[in-house]
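The values are calculated or read from the model by the stated rules, or taken from the named source; none is laboratory data. Computed from a predicted structure; not experimentally measured. In this analysis, Cβ positions are derived from the backbone assuming ideal geometry, glycine residues included, and neighbour counts consider all displayed protein chains.
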Amino acid sequence: MGSLYSEHRTWLHAVPAGWKLGLLVLLSTGVFWLSAPVALSLACAASVALFVSLGAAMRPAGRLLKALGIAAALVLLFHAVLQQPLVGLVSVLRMVAASLLSIALTLTTRSGDLQAVLERLLTPLAPLGVRADRFALQLALMLRFVEHFFVVWKRLDDAYRLRTGKGGGIKLLAPLTIQMLQTARRVADTLDVRLGE
């Protein structure tokens, strides 16, 4: 499966996966506890600064950033129609801050490292019957499929743009769905063989 992980080394690559995941949880939770627009603006600016500090490593996330911008505009528009511009602003600031932190984690952390961290965190639940390795694998696969979705979308859009000179838009939905289902089937078959051994 395709990955958004950037091989372009940055300072954030050197931070252990466990620390990054823990900070992501704390900072994202903190952002959603804030409600003052000024405080949220500062938090959002800090997230933007952290993301921009990754430099060339940001390139694989271009499609994600575009989707984030569209989502932010729709949220602002929705709340403007409801005559709640302040609520819309607060929602967008929270969404942008948390999303940029998550994308930064994705760009600078290998999925295998995240899976290892999740396994360690879930190990204490083993006496309750929780299979830490299986559960961590499920979470890691979920993250990888989100990454893979955007990678495939970008490839299809680039191919369509080369042929026609414009973006594919909704026309890419059918081939994107087919490719994602094919990938899911291949991964399921592989897991069935390996876990059945």
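Quick grid of which residues meet (1) touching a Leu at 6+ places or on another chain (Cβ under 7 Å); (2) closer than 30 Å to Gly169 by Cα; (3) surrounded by 12 or more Cβ atoms within 10 Å (Cβ to Cβ):
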residue	(1), (2), (3)
Val15	no, no, yes
Leu26	no, no, no
Gly30	no, no, yes
Val38	no, no, no
Leu42	no, no, yes
Val48	yes, yes, yes
Leu68	no, yes, yes
Val75	no, yes, yes
Met95	no, yes, yes
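All of (1) touching a residue at least 24 places away in the same chain (Cβ under 8 Å); (2) outside any helix (DSSP H, G or I) hold for Val130 with one exception: (1). Evaluate the following for Thr108: is it at pLDDT 85 or above, farther than 27 Å from Leu12 by Cβ and out of contact with any Cys (no Cβ under 7 Å at 6 or more places or on another chain)? No: the conditions fail for Thr108. Check the stretch 110-124 and report whether any residue there is under 13 Å from the mean Cα position of the chain (by Cα) and surrounded by fewer than 17 Cβ atoms within 10 Å (Cβ to Cβ). Yes, that holds for at least one residue. The residues listed here are Ala140, Ala174; of these, the one that is at pLDDT 75 or above, of a type in the set (Gly, Ala, Ser) and assigned to a helix (DSSP H, G or I) is Ala174. Take the conditions (1) surrounded by 20 or more Cβ atoms within 10 Å (Cβ to Cβ); (2) over 30 Å from Pro175 (Cβ atoms); Ala80 misses just one of them, which is (1). Examine the stretch 89-104 for a residue that is more than 14 Å from the chain's Cα centre (by Cα) and charged (D, E, K, R), and state whether such a residue exists. Checked the stretch 89-104: at least one residue is more than 14 Å from the chain's Cα centre (by Cα) and charged (D, E, K, R). Here's a check for you: in the stretch 36-76, which residue that is touching a Lys or Arg at 6+ places or on another chain (Cβ under 9 Å) and of a type in the set (Gly, Ala, Ser) is nearest to Leu105 (Cα to Cα)? Of everything passing the filter in the stretch 36-76, Ala57 is nearest to Leu105 (Cα to Cα).
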